[in-house]
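**Q** Following this message is one structure expressed as structure tokens.
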Amino acid sequence: MRIKPFEYHAASDLREAVQMLSEEGADARALAGGTDLVLAMKHKAVLPKKVVSLHRITEMAAINTEGDEIKIGALATHSELAAHLELQKVVPILCQAVSLIGSWQIRNSATIGGNLAHASPAADSAAPLLALDATLVTTSPSGDENIPLASFFSGPGATILHPGQIIKEIIILRPQGRSSGRYLKLMRKRAVDLSQAGVAFQAELDPAGEKLAKVAIGLGGMAPTPIRAPEAEGMLEGLSCAEALKKIPSVARAVVAATSPIDDIRASAAYRKLVAEAFFKQAAQEVLTSLTAG
Amino acid sequence: MPKIQIVGRSYPQIDGMEKATGRTRFASDIKLAGMLHARVLRSPYPHARILNIDTSRAKALPGVKAVVTYADTPGIKFGPRSDDWTIFADDKVRFCGDEVAAVAAVDEDTAEEALELIRVEYEELPFVESPLEALKPGAPLVHEDHPGNVAAEFKVEAGDVDRALANSHVVCEESFYTNQTYQAYLEPMGAVADVDLAGRITLYAGNQIPSMIRVPYAKALGLTLDQVRVVLPDYGGGFGAKMETNTHLVAMLLAQKTGRPVRHFNTRHDDFIAGNPRVPMYIDIKLGADKEGVITGKEVKVIGDAGARIVYSQIIVATACYRVDSLYRFKNVRAKGITAYTNTVPTSCFRGFGNTQATFVLESAMDILAHKLGMDPAEMRVKNSIGPDSVSVHGWKINSCGLKECVEEATKMSGWAEKKAKKRPLKGIGLSCCNHVSGNRAFAREFDGGAGIVRIGRDGRISVYHGESDMGQGQKTVYAQIAAETLGVPLDWVSVMQVDTDISPWGFGSFATRGTLMGGNGVLAASKDAFIKLAQVAADMMESNVDDVVCEGGRFYVKGSPDKSLDFKEVALNATDSNHGSPVMGTGFYDPPTVLPDPKTKQGNISPAYPFGCQIAEVEVDPTTGKVTVTNFVAAHDVGRAINPMALEGQIQGGVAQGLGWTLMENMVTNKGKVANANFLDYLIPTALDMPPVEPKLIEPYEPNGPYGAKGIGEPAINPTMSAITNAIYDATGVRITELPVSPEKLLAEMEKLKGSHEG
Ligand SMILES: Cc1cc2nc3c(=O)[nH]c(=O)nc-3n(C[C@H](O)[C@H](O)[C@H](O)COP(=O)(O)OP(=O)(O)OC[C@H]3O[C@@H](n4cnc5c(N)ncnc54)[C@H](O)[C@@H]3O)c2cc1C
């Protein structure tokens, strides 16, 4: 499979990048790690006239964990994120999830911005970032705009980004109380497989360390876009871990009720639901137990 | 005689460093001056009449040098073992991926662009996807001249099966299905073809049968055999698939049309949809045993899916019918095989050649019987095991046979007895045996030996010529070891030459686990011939008798006085000089004690030697997802005397990996006549992380017909893997797997059913 000829630019800064992208409108594409885009071009699924590489904009790859706002540059690779010591401490759920993406080679070039912008319903970074209430900082010629990740995806492979608008960074608020998270991914083999179901469970205790101040459940591959399960979350918020542990089976059913997976060659909808339920139970069990032990 | 020094020792592949450092030029790296690039337009429909093909716009595209369709071919029907091939689809396309037209252009981009400009009008026809459907009355016909879509039938019978089964203490009656899998070699199929002014074609193609492939190709192009020369570059794997393919013929035809070299390689997608995947089979078995666990009789019915044309599927189905009958002391067997055409990708050889499918079935049935009898499955295998110096039910002469030793070693290594005794929930252990051939006379019909040429130059360099095919399995190294051992020189004095059909002996090639035995015996015979010739010169120089001369470590000496020796290279120089430049040339061949089986009774020894094996798998099943993890694996194989233990262990580990992939994930899915997963995203093959430790064990009885006592390993390495794993799954869950692959979803559902039936 060959790639159709296209015009290529390596933008030297963010402004130039968005300028070039907006000039060409829908016919232009930003290039990060290329692990989705190049494949799509080979399959003629997208035929951009112009490709603007972001790789020279090095500040877009920065990871800043100093303040209360953890800032992750859109160009940070999955390898960098998975190995980041501070992220492992504060938001281990994200490190777990991205360390399961593809293979070493893929993780070394694929970026988190690309993972979100490609908007696969099964994108592995999406479920944990949704559970972490991430916000995207986007840039376009008309300026910066903050978009909550929860309102970013508009369908399989679709986002609300308009031509010329790119993700600059991802902001996660540092958890205030003690927190813990777990991401479980259903794969058909141990590496190099897309998620058939991804379950992210993130919980945070109140300052007193007694009650669950925040519970977030992110789901990948279970609906046309990555989703949260707000009703299920509500069943656990305000409870103590001991109380929450007892409610896991009924919450698990509410989690499944929030989903609408598809039947395809990778898995049937019924199987996805079955496993999502089991994964939720396992993740919740582990997280709540670790918060109890704390 | 000096003692054996080079044979039996582990050497890294002699071309391993070149490959590991990226220096090897593989088939797809070949670039010839003026070379054009070809692309094929393939059918988007499983079955359709071609009403019209308009290539005018493609021809007009700048950079396009030729566009060809069926109308540009000689229109001769041909095929490796049939006459159902044409180079391009004639009046209709018969599967999604069937060749319709091809373009040669200055580069691949232009060729691909030109494909989009070819207009084909089709009239879609009803199609058949499954061989069971294809055999039903009224099914659409894939080939009008094959009523009922029957491509071939095979029958074999010995003893009195009905009586044997009627008098059995236990009978297992079960239906199995083995699915379609893809060989997943690193380098897709392809070739570069070059034509000289006389019209003689040189084909540079990575393929397993460089000599044989010329026969149907010459026929297809209306040429004589001498007008097709094949040169065999290094290439990236084959596992059975790389035999005849229209992919090569497209390059040859376009080279003829343009007078320029033409390169044509499948894209990975094309290789999936129009390669030579494994023959799917429906196999029904009845297997009986007496109270003591001695097998009484066996009946099988096989329905195999040829796809839209025959490559070798009918011989593969025949193999599934009866090869496995030489694993145990069968007396009463009957089999019927039907090979059916369908509108799907033509299927063919894949490591195991039907015996993998049959072994999965027989060894599952053996496990079922052992459980019915309350007998240790290992003990039941040993009890029925065929022995050395015996003749099987089909007249196969087994010389060496280490099957019992394989079972004993494998059970010891895996801690079989303890693990069987201590049942742990969701953990299981399973065992399976296998047999195979080292060459298959029923396949290579004219003769089935091997030949070699050994040239010793004035500089003492030794060049070995053979006609087989090293696709990465290590054949070159084995041949170099045999030649070095026989000549008494260090291994690195020997070069194993590229197969070039203008120079090399006619070899049948690499299939049927025949390379080491057949080709190795050919190289051995040629090495002996070269040795005698050179030893004669050494004897003259040392004023001794040729029978008393030996060579060791590159020095000739007279037996008994190793301190007075002559340099091999000095002797080679002397030999060439006294012959005015003519090198020492040794030639030789091996004539195996095999016969073509009787067409009616199928009696007759088809191979000079038979390898055996026993594999044991341990699994763990995840009760929430149904996922199976193979946690440990041992594989004991009777390989005859090992020539290169390291290479054998690699073959065993590779075979197990391929078998594990097949059992747990590999599956070509056809949906509405189209391969739905023609890519490595959804055609899953195991990664290193999916592999358990695989502990190989070599059992080495001396095989009198093998070079230095050796037999083959290629195919036996995978034959027992599937049933070893599925028998372990049974041990872990109580679920009997009768269909491959074992998807977690399916296993989970079966486990639920069992639970329900226990509770209910
Ligand atoms: C073998 C293989 C295995 C894979 N396995 C997984 C897996 O397990 N899990 C998983 O989730 N994914 C997987 N993927 C998909 C892919 O690797 C990831 O989605 C990856 O994160 C994409 O990032 P990238 O930098 O390569 O994006 P690119 O391919 O460069 O871009 C992807 C899309 O996003 C756009 N884009 C890129 N950066 C930005 C930005 N900053 N702002 C706006 N738009 C942008 C591009 O224009 C393009 O449309 C796999 C891919 C392959 C080839």
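**Q** For segment A:101-117, name all the residues that are within 6 Å of the ligand (Cβ to nearest atom) and either within 12 Å of the chain's Cα centre (by Cα) or within 14 Å of chain B (Cβ to nearest Cβ) (or both).
**A** Result: A:Ile101, A:Gly102, A:Ile106, A:Thr111, A:Gly113, A:Gly114, A:Asn115, A:Ala117.
**Q** Does at least one position in segment B:307-328 carry a residue that is open to solvent by 10 Å² or more (accessible area, probe 1.4 Å), of a type in the set (Ser, Thr, Tyr), closer than 23 Å to B:Asn435 by Cα and assigned by TED's automatic domain parsing to the domain that holds B:Ser400?
**A** Yes.
**Q** Report yes if A:Glu286 is in a helix (DSSP H, G or I) and in contact with a helix residue (DSSP H, G or I) (Cβ under 8 Å, 6 or more places away or on another chain), otherwise no. Reasoning before the result, please.
**A** Values: in a helix (DSSP H, G or I): yes; in contact with a helix residue (DSSP H, G or I) (Cβ under 8 Å, 6 or more places away or on another chain): no.
No, not satisfied.
**Q** Can you find even one residue in segment A:274-293 that is surrounded by fewer than 19 Cβ atoms within 10 Å (Cβ to Cβ) and among the hydrophobic types (A, V, I, L, M, F, W, C)?
**A** Looking through segment A:274-293, at least one residue is surrounded by fewer than 19 Cβ atoms within 10 Å (Cβ to Cβ) and among the hydrophobic types (A, V, I, L, M, F, W, C).
Residues checked against (1) open to solvent by 10 Å² or more (accessible area, probe 1.4 Å); (2) more than 30 Å from A:Ser268 (Cα to Cα):
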site	(1), (2)
B:Asn579	yes, yes
B:Thr594	yes, yes
B:Pro597	yes, yes
B:Thr624	yes, no
B:Gly640	no, yes
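**Q** Has segment B:209-220 got at least one residue that is surrounded by 20 or more Cβ atoms within 10 Å (Cβ to Cβ), assigned to a loop (DSSP other than H, G, I, E, B) and hydroxyl-bearing (Ser, Thr, Tyr)?
**A** Within segment B:209-220, one or more residues are surrounded by 20 or more Cβ atoms within 10 Å (Cβ to Cβ), assigned to a loop (DSSP other than H, G, I, E, B) and hydroxyl-bearing (Ser, Thr, Tyr).
**Q** Please go through segment A:24-51 and pick out each residue that is within 14 Å of chain B (Cβ to nearest Cβ) and either in a loop (DSSP other than H, G, I, E, B) or more than 9 Å from the ligand (Cβ to nearest atom) (or both).
**A** Answer for segment A:24-51, where residues must be within 14 Å of chain B (Cβ to nearest Cβ) and either in a loop (DSSP other than H, G, I, E, B) or more than 9 Å from the ligand (Cβ to nearest atom) (or both): A:Thr35, A:Asp36, A:Met41, A:Lys42, A:His43, A:Lys44, A:Ala45, A:Leu47.
**Q** Would you call B:Asn632 out of contact with any Phe, Trp or Tyr (no Cβ under 6 Å at 6 or more places or on another chain) and part of a strand (DSSP E or B)?
**A** Values: out of contact with any Phe, Trp or Tyr (no Cβ under 6 Å at 6 or more places or on another chain): yes; part of a strand (DSSP E or B): yes.
It is true that B:Asn632 is out of contact with any Phe, Trp or Tyr (no Cβ under 6 Å at 6 or more places or on another chain) and part of a strand (DSSP E or B).
**Q** Ok, one more. Within segment A:80-101, is there a residue that is more than 30 Å from A:Arg178 (Cβ to Cβ) and crowded, with 16+ Cβ neighbours inside 10 Å? Step through it out loud before you land on a result.
**A** Step one: filter segment A:80-101 for residues more than 30 Å from A:Arg178 (Cβ to Cβ), giving none.
No, there is no match, as no residue in segment A:80-101 is more than 30 Å from A:Arg178 (Cβ to Cβ) and crowded, with 16+ Cβ neighbours inside 10 Å.
**Q** Filter segment B:663-691 down to the residues that are buried (at least 18 other Cβ atoms within 10 Å of the Cβ) and more than 30 Å from B:Pro44 (Cβ to Cβ), then identify the one that is farthest from the other protein chains (Cβ to nearest Cβ).
**A** Checked segment B:663-691; the qualifying residue farthest from the other protein chains (Cβ to nearest Cβ) is B:Thr663.
**Q** When the residues of segment A:190-220 are narrowed to those that are within 14 Å of another protein chain (Cβ to nearest Cβ) and not polar (S, T, N, Q), which ends up farthest from the ligand (Cβ to nearest atom)?
**A** The initial filter retains those residues of segment A:190-220 that are within 14 Å of another protein chain (Cβ to nearest Cβ), namely A:190-199.
This time we only want the ones that are not polar (S, T, N, Q), so: A:190-194, A:197-199.
Numbers: A:Arg190: 11, A:Ala191: 8, A:Val192: 5, A:Asp193: 6, A:Leu194: 5, A:Ala197: 12, A:Gly198: 8, A:Val199: 14 Å.
Applying the filter and picking the extreme gives A:Val199.
**Q** Across segment A:14-23, which residue is farthest from the ligand (Cβ to nearest atom) among those that are open to solvent by less than 70 Å² (accessible area, probe 1.4 Å) and of a type outside the set (Gly, Ala, Ser)? Give the derivation first.
**A** Within segment A:14-23, the first condition is being open to solvent by less than 70 Å² (accessible area, probe 1.4 Å), and the residues that meet it are A:14, A:16-18, A:20-22.
After this cut, where a residue has to be of a type outside the set (Gly, Ala, Ser) as well, the list is A:14, A:16, A:18, A:20-21.
Details: A:Leu14: 10, A:Glu16: 14, A:Val18: 10, A:Met20: 12, A:Leu21: 9 Å.
Out of the qualifying residues, it is A:Glu16.
**Q** Which of the residues spanning segment B:466-522 are of a type in the set (A, V, I, L, M, F, W, C), within 30 Å of B:Val549 (Cα to Cα) and over 21 Å from the mean Cα position of the chain (by Cα)? Don't jump to the end; show me each part of the working.
**A** Initially, segment B:466-522 is screened for residues of a type in the set (A, V, I, L, M, F, W, C), giving B:471, B:478, B:480, B:482-484, B:487, B:489, B:491, B:493-494, B:496-497, B:499, B:503, B:506, B:508, B:511-512, B:517-518.
With within 30 Å of B:Val549 (Cα to Cα) added as a condition, the list becomes B:478, B:480, B:482-484, B:487, B:489, B:491, B:493-494, B:496-497, B:517-518.
Of everything in segment B:466-522, those that are of a type in the set (A, V, I, L, M, F, W, C), within 30 Å of B:Val549 (Cα to Cα) and over 21 Å from the mean Cα position of the chain (by Cα) turn out to be B:Ala480, B:Ile482, B:Ala483, B:Ala484, B:Leu487, B:Val489, B:Leu491, B:Trp493, B:Val494, B:Val496, B:Met497.
**Q** So A:Met187 ticks every box in (1) within 14 Å of another protein chain (Cβ to nearest Cβ); (2) farther than 20 Å from A:Lys273 by Cα; (3) in contact with an Asp or Glu (Cβ under 6 Å, 6 or more places away or on another chain) but one. Which box is left unticked?
**A** Every condition holds for A:Met187 apart from (2).
**Q** Name the single residue, out of those in segment A:122-149 being outside any strand (DSSP E or B) and near the ligand (Cβ under 10 Å from one of its atoms), that is nearest to the other protein chains (Cβ to nearest Cβ). Let's see the steps before the verdict.
**A** Looking only at segment A:122-149, we keep the residues that are outside any strand (DSSP E or B), and these are A:122-134, A:141-142, A:149.
Within this subset, residues satisfying the condition of being near the ligand (Cβ under 10 Å from one of its atoms) are A:122-127.
Numbers: A:Ala122: 12, A:Ala123: 15, A:Asp124: 15, A:Ser125: 19, A:Ala126: 19, A:Ala127: 18 Å.
Across segment A:122-149, the extreme among qualifying residues is A:Ala122.
**Q** Checking B:Gly650 against (1) within 14 Å of chain A (Cβ to nearest Cβ); (2) surrounded by 18 or more Cβ atoms within 10 Å (Cβ to Cβ): exactly one of these is not met. Which one?
**A** The number of the failed condition is (1).
**Q** Same structure again: Report the residue count in segment A:69-97 for those that are closer than 17 Å to A:Leu194 by Cβ and more than 8 Å from the ligand (Cβ to nearest atom).
**A** The number of residues fulfilling the criteria is 2.
**Q** Name the residues in segment B:156-186 that are over 26 Å from the mean Cα position of the chain (by Cα) and among the hydrophobic types (A, V, I, L, M, F, W, C), would you?
**A** Result: B:Ala158, B:Val161, B:Ala164, B:Leu165, B:Ala166, B:Val170, B:Val171, B:Cys172.
**Q** Would segment A:116-128 turn up any residue that is surrounded by fewer than 23 Cβ atoms within 10 Å (Cβ to Cβ) and charged (D, E, K, R)?
**A** No, segment A:116-128 contains no residue that is surrounded by fewer than 23 Cβ atoms within 10 Å (Cβ to Cβ) and charged (D, E, K, R).
**Q** Residues in segment A:229-261 that are more than 14 Å from chain B (Cβ to nearest Cβ), assigned to a loop (DSSP other than H, G, I, E, B) and at negative phi: how many?
**A** 6
**Q** Taking B:Asn343 as meeting all but one of (1) in a loop (DSSP other than H, G, I, E, B); (2) under 25 Å from B:Gly712 (Cβ atoms), write down the number of the exception.
**A** Result: B:Asn343 fails condition (2) only.
The values are calculated or read from the model by the stated rules, or taken from the named source; none is laboratory data. Since this is a predicted model, take the numbers as computed values, not measurements. Counting neighbours? That spans all protein chains shown, and the Cβs are built from the backbone with ideal geometry, glycine included. Ligands, DNA and RNA are excluded from the accessible area calculation, which covers all protein heavy atoms including side chains. Shrake-Rupley method; radii C 1.70, N 1.55, O 1.52, S 1.80 Å.
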